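Heads up, the thing below is written out as structure tokens.
The values are calculated or read from the model by the stated rules, or taken from the named source; none is laboratory data. Worth saying up front: this structure is predicted, and the values here are computed from it rather than measured. FYI the Cβ positions are ideal-geometry reconstructions off the backbone, even for glycines, and counts take in every protein chain you see.
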Amino acid sequence: MDRIVVTDVKKTFQLKPGQYVTVDGQDTDELTVLNGVDLTIRKGEFIVLVGPSGSGKSVLLDIIGGLTPASQGVVHLNGQQIVKPDPKTSYVFQQYALFPWRTALANVEYALEVRGIAQKERTETARRFLSLFGLRDFEDRFPSQLSGGMQQRVAIARALAANPEVLLMDEPFAALDAQTREILQSELLKIWGEINTTVIFVTHSIDEAIYLADRVVVMTARPGTVKQVIDIDLPRPRDGDIRSSPEFNTYRHQVWEALRDEVNKAQKDWALSPAFGH
């Protein structure tokens, strides 16, 4: 069953007065970041978007999440066109985005509070998800009293506590150290396997993409579109040892081959363009 259908999505931003970019040798005050994106995502899939910086991965997430409109094309969730944020969709950002005046427990409860869930039920649910992420003993701590990895655990627990049909994740582990990152990848996969939500995950890490994904979607350099979709046929559940397997290395090579020219093009375009002003 198709959960999300992206059809011919284009996104153009109007730059501020005095700003411009050079496209095909011509200066313009409009920046096209997505151009003709088509993508179908099935219910319960774990999709990972990879692409060079500026390829519009995060913008595509925002459009799917209803946070910004497409300039052209449409996105459907469960057959309904997305025109605003949907309560069935949760978002996890690269920044931890926690309320500093709320404890870990109260932060997770917030996702249920805004949906009108009764106090007792939301507290029980929040405690369950904090426990799943190993934070049972930290529920009364404020964000400033938690490490970066713990804060991101709380942010993901908050997103999942709402029982979303779709979970959007924009480089959620990018700021973490390598060990914490791998631990959270495994914890995320374990919980995802239990709740069967649809995940769209953005990363610049090829290894992270392969480890997590059912399918890796490779985006072109700006303006971004889908260059290639690579099925990751690795067994689940996955553990850390799979990263050293011959099959994993084959996928790593395949994704990099699809991505390499786009990264080179993006770097060249940024180097040559006197973007955003004279």
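Looking at the structure I just gave you, is M219 in contact with a Gly (Cβ under 6 Å, 6 or more places away or on another chain) and modelled with pLDDT of 95 or more? Criteria met by M219. The conditions of being at pLDDT 90 or above and in a helix (DSSP H, G or I) are not met by E194. Per this entry, D177 is not counted among residues that are among the acidic types (D, E), modelled with pLDDT of 90 or more and on the phi < 0 side of the Ramachandran plot. Listed by position, the strands (runs of 3 or more DSSP E) enclosed by segment 18-121 that each have at least 1 residues that are surrounded by 20 or more Cβ atoms within 10 Å (Cβ to Cβ), at negative phi and at pLDDT 95 or above are 30-42, 46-50, 72-77.
Considering segment 169-201 alone, what residues qualify as being among the aliphatic types (A, V, I, L, M) and surrounded by fewer than 22 Cβ atoms within 10 Å (Cβ to Cβ)? Matches in segment 169-201: A174, A175, L176, A178, I183, L184, L189, I191, I195. The requirement of being hydrophobic (A, V, I, L, M, F, W, C), crowded, with 19+ Cβ neighbours inside 10 Å and part of a strand (DSSP E or B) is fulfilled somewhere in segment 202-209, by at least one residue.
When every residue of segment 137-147 is checked against the conditions, at least one turns out to be more than 18 Å from L188 (Cα to Cα), among the hydrophobic types (A, V, I, L, M, F, W, C), not in a loop (DSSP other than H, G, I, E, B) and not assigned by TED's automatic domain parsing to the domain that holds K190. Each residue in segment 135-150 was checked for being surrounded by fewer than 19 Cβ atoms within 10 Å (Cβ to Cβ) and under 11 Å from W101 (Cα atoms), and 3 of them qualify.
Please go through segment 151-166 and give me each residue that is buried (at least 18 other Cβ atoms within 10 Å of the Cβ) and either part of a loop (DSSP other than H, G, I, E, B) or free of Cβ contacts under 8 Å to residues at least 24 places away in the same chain (or both), ordered by number. Across segment 151-166, the qualifying residues are A162, P164, E165. Could you tell me which residue of segment 56-69 is farthest from V218 (Cα to Cα), considering only residues that are touching a residue at least 60 places away in the same chain (Cβ under 8 Å) and touching a Pro at 6+ places or on another chain (Cβ under 8 Å)? Restricting to residues being touching a residue at least 60 places away in the same chain (Cβ under 8 Å) and touching a Pro at 6+ places or on another chain (Cβ under 8 Å), the top hit is G65. For segment 224-233, the condition of being touching a strand residue (DSSP E or B) at 6+ places or on another chain (Cβ under 9 Å) and closer than 20 Å to E165 by Cα holds for none of the residues. Quick check on my filter: what residues within segment 167-183 are more than 21 Å from T89 (Cβ to Cβ), free of Cβ contacts under 8 Å to residues at least 60 places away in the same chain and within 16 Å of the chain's Cα centre (by Cα)? Matches in segment 167-183: L176, R181.
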